[in-house]
Protein chains: 2
Amino acid sequence: MWILRLNMADRTYRLDEVPEAYRLLGGRGLSSTMILDEVPPLCHPLGPNNKLVFAPGIVTGTPAPSAARVSVGGKSPLTGGIKEANAGSSWAPTLANLGIKALVVEGQPKEKGKYWMAYLSWDASASKPKVEFLPADEYVSLSFYDAFPKLYKRFGERVDIAGCGVAAEYGYANSGIAFNDMFKRPSRYAGRGGLGAVLASKGLKFIVLGKTGGPGVPILDKALFEQGRAKLADALRTHPITSPKGALNTYGTAVLINLLNEAGGLPTRNFSNGRFEGAPKIAGEAIFEINKQRLGKELYNHACSPGCIIECSNTFFNKDGSEHTSCVEYESDWAFGANCGIDNLDDIAEMVQLCNAYGLDTIEAGGTLAVAMEAGVIQFGDSKGAINLIDEMGKGTPLGRILGGGAAFTGKAFGVVRVPAVKGQVMPAYEPRAVKGIGITFATSTMGADHTAGYTICPEILSVGGKADPLSTEGKAALSRGFQATTAFLDSTGHCLFIAFAVLDIPSGFEGLMEECNGMLGTNWKPEDAAKVGGEILKKERAFNEAAGLTKADDRVPEFMKYEPLPPHNQVFDIPDEVLDAVYGEL
Amino acid sequence: MWILRLNMADRTYRLDEVPEAYRLLGGRGLSSTMILDEVPPLCHPLGPNNKLVFAPGIVTGTPAPSAARVSVGGKSPLTGGIKEANAGSSWAPTLANLGIKALVVEGQPKEKGKYWMAYLSWDASASKPKVEFLPADEYVSLSFYDAFPKLYKRFGERVDIAGCGVAAEYGYANSGIAFNDMFKRPSRYAGRGGLGAVLASKGLKFIVLGKTGGPGVPILDKALFEQGRAKLADALRTHPITSPKGALNTYGTAVLINLLNEAGGLPTRNFSNGRFEGAPKIAGEAIFEINKQRLGKELYNHACSPGCIIECSNTFFNKDGSEHTSCVEYESDWAFGANCGIDNLDDIAEMVQLCNAYGLDTIEAGGTLAVAMEAGVIQFGDSKGAINLIDEMGKGTPLGRILGGGAAFTGKAFGVVRVPAVKGQVMPAYEPRAVKGIGITFATSTMGADHTAGYTICPEILSVGGKADPLSTEGKAALSRGFQATTAFLDSTGHCLFIAFAVLDIPSGFEGLMEECNGMLGTNWKPEDAAKVGGEILKKERAFNEAAGLTKADDRVPEFMKYEPLPPHNQVFDIPDEVLDAVYGEL
């Protein structure tokens, strides 16, 4: 396999052999290592010296289940630290099957405001991939919903597409990188941390991959890999959360709305309450029921990418039975719903659709709207006003530029003190004061506030992988550390994080996961090695962040969560600073 | 003397004896010490736990020359670190003469958007100061030029006024605290770092001081003090920069325009050149000549505050001979002039006047306009457009809120890479690539980019206190360290920084300075102790910043200055990181 480098300064490319040091790495492990190795930590995120690394996971491109993920790494315009955001898309296995272990976007054109696209395909005659750089100016300022069909028309149906939207063109710190889903919709996102703006700063609008040809992904020990794959697939098919017609396949991730609300941990109206009276109206169950009414039949969810067993992505339908958007994830639903005091799923779906159109991260967007509501720009619950504000972002008006900077930026613009962000990144749908373990993850993750960085919700809310009292502080630092380290490993395999539900509860599933990797790489990893391998990745990310100027002062929840008790439990965030510091200190 | 605390949570106050630990401190030394002692470094700058400390200098309130300065300290909304900004105003000696060594504003009202003013006067019957809290809502959203006359009408002519303007009400990180000048104009500023917004966040619009009564400032050894005062006054009257009808008294601080332009160190069009073709048209000499034409006579400058020998403040007049604004300082002139590509002094004067009206720091405002010009919001040289942008800030429009956040904030909003800021604070009127020592000060100062924090311009440009080649890197770390430490001492005495010109060149002046202080405090400081005493203050400021999360990564000039050579010398900023780290490392 190769490392492919696209130099946007002069639109040239280079294929390098994979260095031995990178052989065992993939996904997040590879993207974070390369960013640490190659990006000056103090560079301007939108300047010529930042880079983007696209790395498929270790097993991505193989028949491993639920494993079509690509990690995107770079220095984040939002946090100022290292960023890895990953997405599930057929783009990921296509890149892997073209023989690319990592695609690096580097350099910067002298021309400002000019855009290109890179068309990467298999050159059968040369037996290697080739890249064409084509002008992309005609796609500038287009909605993704207009741009993607144009691209499919131009390149044919057998391509996968990654790209940045208008939010990225404006340089917003809230701008993601979009990937196509199985229905060619621009709905899969490496959303968090503003990596879209980094791509745009390189003058690169789209990376189009031809799906034809390519050497595929080499597997060192096919039998071992197959043995692991089967065990993992079995576990996924068995666990009630991940099984067909199980919780995720039926209600999607928004099944969490009622659970978090019940626990008093559903952040409501800019993190001023842990319960939302409108929760049932926006819950996953409501999505399922509304779709059933509107379609006249029960609709189970679909896969975001090939080879997925879980199939958790919903589509939300209009009253007339036409498609409104895909997909209304829990965190998006919460961000525009409970956190904005909005209980109308049609309006929430519209906001998701708009964010996908403009290339905005829904979590950051919803968190930003809630801060704007706190500032009095519009009122909590004003869903039409909220939709208008997202349109302001899409239009690049001055107000849109404030909101496009994210929640912390918006808080500064309006002098708002209650901003629920860590390292500049807004908190997702879990209240640190009501679910202490996830608060530790938010505070200490190398990524800024990020639930996917160490999802202690498993034991704290879902009784998966054990059971922990969400309100208790006991043992939560070790819990978060373990989840963060294991997640860094999981994000390297290319598997979806959701396989964790199954592998945490079903030991043979975890064994299968490690056997898959051992089959790929020739390693001899056991389940207990996952946290060790992941821990090394965290250390690298931490090293980058330290060199970028982040300190333990950045490993804190916002001050107001320490003096403002949260209803209904009326607790503050009471994890001592020393405990937070021990999360990475004892890694 | 007392420490006076205004608790804005419930509008009560308290007079405390000065603790022994604070006895030798004044001005910056006292404000920085109290902020370190009392403010949680990770608090939100606009939240309930930040404080503002107003501390007159050690000799302020005495007959010491050019010594009517007050230091304002707090956690800065602009830099996230400690901030000391000082201003020269009769407000400072009045506070001292009321027996107040430090006035602390703390707490936060529950009521949002409600404002009070504190009227501090001498209670002769109780032989101590008293404070009345009065509603100030009628002054909200008023220009300072409307508010100050209303206040003088209400409280009579014998009061001094400090307050925050509309910029502060909006919570802008660019918002200063204004003080009256000798003509009751709201033109003297503790401008940098957003301390106005901190005052506004406390619900405190104005601090009005009655000038009648008060115990005065105690002097331990009057003869020694008088001996020192006389030596210092002599030096000031002798040195060509500070003497009557000398450089500052004639041309004001803007005498520097031609000097910096000649040196290739006058940042032009957002720090893209070190020379401005329009420099002669905006120079101090031009101000003098234009005033002479318009008034029909030569006009020398006036003092900003009582007891000043230097008298460097100009007033700029309209064509019809009416007053336009006071005062057009070098840094303001540069900020709206060369840095914006504007060579029209009438428009520059208008921008100064507007900033004074709204309560904006002119340096940050001009630096912000230049970044907005780089972003294409308006064109370089568009002075009418620039005036409009300042009005946007005054109106609190979304665009105004972006600009009000300062240059670094505006850069983020528009995705601009070339932002000449350190620690979030925009660089003032000296190019680090052409004047290396001041670049070291900008990079390493605890205050963010701040020329007053260590004015190596003295030897590098003015041949004051020795002579150093501005383009050379040799010995510049030690030079900056020495200037930073001595300045921290000077800022504690209450003297204007401009006495440095005289005391650096005239040894008896420096002796006089120390004798003054020794007479006040009973110390036995020699000239060589100034840097030692100041160094201890810097260490405290640094300690606050470290606890607030600032690291050596924050002690760097912006990346673009390291790869973009600056005309006309075509040099980059080539001070190695280790040298920067040694500035405070070897303190």
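The values are calculated or read from the model by the stated rules, or taken from the named source; none is laboratory data. Predicted model only: the values in this text are computed from it and were never measured. For neighbour counting, all protein chains shown are included, and Cβ atoms are generated from backbone atoms with ideal geometry for every residue, glycine included.
Give me a count of the residues in region B:262-283 that are more than 13 Å from B:F380 (Cα to Cα) and touching a strand residue (DSSP E or B) at 6+ places or on another chain (Cβ under 6 Å). Total satisfying the criteria: 1.
The residues listed here are A:I219, A:I241; of these, the one that is more than 25 Å from A:G284 (Cβ to Cβ), outside any helix (DSSP H, G or I) and more than 16 Å from the chain's Cα centre (by Cα) is A:I219. If only residues of region B:151-182 that are away from every other protein chain (no Cβ under 12 Å) and in contact with an Asp or Glu (Cβ under 9 Å, 6 or more places away or on another chain) are counted, the one that is nearest to B:T315 (Cα to Cα) is B:N180.
Here's the yes/no breakdown for (1) out of contact with any Ser or Thr (no Cβ under 9 Å at 6 or more places or on another chain); (2) more than 28 Å from B:G404 (Cβ to Cβ); (3) of a type in the set (D, E, K, R):
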{"position": "B:M117", "(1), (2), (3)": "yes, no, no"}
{"position": "B:S127", "(1), (2), (3)": "yes, yes, no"}
{"position": "B:V131", "(1), (2), (3)": "no, yes, no"}
{"position": "B:L134", "(1), (2), (3)": "yes, no, no"}
{"position": "B:K153", "(1), (2), (3)": "yes, yes, yes"}
{"position": "B:E157", "(1), (2), (3)": "yes, yes, yes"}
{"position": "B:D160", "(1), (2), (3)": "no, no, yes"}
{"position": "B:G165", "(1), (2), (3)": "no, no, no"}
{"position": "B:G171", "(1), (2), (3)": "no, no, no"}
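From A:N249, A:N314, A:N261, which residue is closer than 20 Å to A:H569 by Cβ and not small (G, A, S)?
On the way: A:N249 fails: closer than 20 Å to A:H569 by Cβ; A:N314 fails: closer than 20 Å to A:H569 by Cβ.
Just one listed residue meets the conditions, A:N261.
In region A:515-554, the qualifying residues are those that are within 14 Å of another protein chain (Cβ to nearest Cβ) and of a type in the set (S, T, N, Q), and the one that is nearest to B:H44 (Cα to Cα) is A:T551.
Identify the residue in region A:441-470 that is more than 24 Å from A:A173 (Cα to Cα) and of a type in the set (A, V, I, L, M, F, W, C) and, among all such residues, is surrounded by the fewest Cβ atoms within 10 Å (Cβ to Cβ). Filtering first and then ranking leaves A:L462.
Here B:F573 meets the list (1) more than 24 Å from the chain's Cα centre (by Cα); (2) assigned to a helix (DSSP H, G or I) almost entirely, failing just condition (2).
Go through region A:503-534 and report how many residues are hydroxyl-bearing (S, T, Y) and either modelled with pLDDT under 95 or within 23 Å of A:S463 (Cα to Cα) (or both). Working first, answer last.
Within region A:503-534, the first condition is being hydroxyl-bearing (S, T, Y), and the residues that meet it are A:508, A:523.
Subsequent filtering for residues that are either modelled with pLDDT under 95 or within 23 Å of A:S463 (Cα to Cα) (or both) retains A:508.
Result for region A:503-534: 1.
Of all the numbered requirements in (1) within 26 Å of the chain's Cα centre (by Cα); (2) free of Cβ contacts under 8 Å to residues at least 40 places away in the same chain, A:E578 misses one, and that requirement is (1).
In the set (1) within 30 Å of A:P63 (Cα to Cα); (2) over 25 Å from the mean Cα position of the chain (by Cα); (3) in the same structural domain as A:M373 (by TED's automatic domain parsing), the condition left unmet by A:T325 is number (2). Every listed requirement among (1) of a type outside the set (D, E); (2) part of a loop (DSSP other than H, G, I, E, B); (3) touching a helix residue (DSSP H, G or I) at 6+ places or on another chain (Cβ under 6 Å) is met by B:L232 save one, (2). Can you find a residue in region A:472-483 that is among the aromatic types (F, W, Y), under 30 Å from A:T94 (Cβ atoms) and modelled with pLDDT of 95 or more? No, because not a single residue in region A:472-483 is among the aromatic types (F, W, Y), under 30 Å from A:T94 (Cβ atoms) and modelled with pLDDT of 95 or more. Under the condition of being more than 14 Å from every other protein chain (Cβ to nearest Cβ), more than 19 Å from the chain's Cα centre (by Cα) and crowded, with 24+ Cβ neighbours inside 10 Å, the residues counted in region A:26-64 number 3. Scanning region B:542-558 for residues that are in contact (Cβ under 8 Å) with a residue 12 or more places away in the chain and part of a loop (DSSP other than H, G, I, E, B), we see that the one that is surrounded by the fewest Cβ atoms within 10 Å (Cβ to Cβ) is B:G549.
Residues that are at pLDDT 95 or above, crowded, with 21+ Cβ neighbours inside 10 Å and charged (D, E, K, R): does region A:356-369 have at least one?
Of all residues in region A:356-369, those at pLDDT 95 or above come to A:356-369.
Then drop every residue that is not crowded, with 21+ Cβ neighbours inside 10 Å, which leaves A:356-369.
From what is left, the residues that are charged (D, E, K, R) are A:361, A:364.
Checked region A:356-369: at least one residue is at pLDDT 95 or above, crowded, with 21+ Cβ neighbours inside 10 Å and charged (D, E, K, R).
Table: residues versus (1) assigned to a helix (DSSP H, G or I); (2) farther than 22 Å from A:V70 by Cα.
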site	(1), (2)
A:E474	no, yes
A:A488	yes, no
A:S492	yes, no
A:F501	yes, no
A:E515	yes, no
A:K532	yes, no
A:G535	yes, no
A:Y584	yes, yes
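When B:V198 is tested against (1) in contact with a helix residue (DSSP H, G or I) (Cβ under 6 Å, 6 or more places away or on another chain); (2) of a type in the set (A, V, I, L, M, F, W, C); (3) within 14 Å of chain A (Cβ to nearest Cβ), only condition (1) is not met. Count of region B:284-311 residues, restricted to those that are within 30 Å of B:Q571 (Cα to Cα) and either free of Cβ contacts under 8 Å to residues at least 40 places away in the same chain or among the hydroxyl-bearing types (S, T, Y) (or both), is 1. Here is a check on your reading of the model: is A:S143 assigned by TED's automatic domain parsing to the domain that holds A:P77, modelled with pLDDT of 95 or more and touching a helix residue (DSSP H, G or I) at 6+ places or on another chain (Cβ under 8 Å)? The answer is yes for A:S143.
Looking at region B:382-428 only, could you name the residues that are in a loop (DSSP other than H, G, I, E, B), of a type outside the set (S, T, N, Q) and either over 12 Å from B:N270 (Cβ atoms) or within 10 Å of chain A (Cβ to nearest Cβ) (or both)? Lay out the reasoning, then the answer.
Quick first cut of region B:382-428, residues in a loop (DSSP other than H, G, I, E, B) only: B:382, B:396-397, B:405-406, B:415-420, B:423-424, B:427-428.
Checking the rest, the ones that are also of a type outside the set (S, T, N, Q) come to B:382, B:396, B:405-406, B:415-420, B:423-424, B:427-428.
Once the filter is applied, which keeps residues that are in a loop (DSSP other than H, G, I, E, B), of a type outside the set (S, T, N, Q) and either over 12 Å from B:N270 (Cβ atoms) or within 10 Å of chain A (Cβ to nearest Cβ) (or both), region B:382-428 yields B:D382, B:G396, B:G405, B:G406, B:G415, B:V416, B:V417, B:R418, B:V419, B:K423, B:G424, B:P428.
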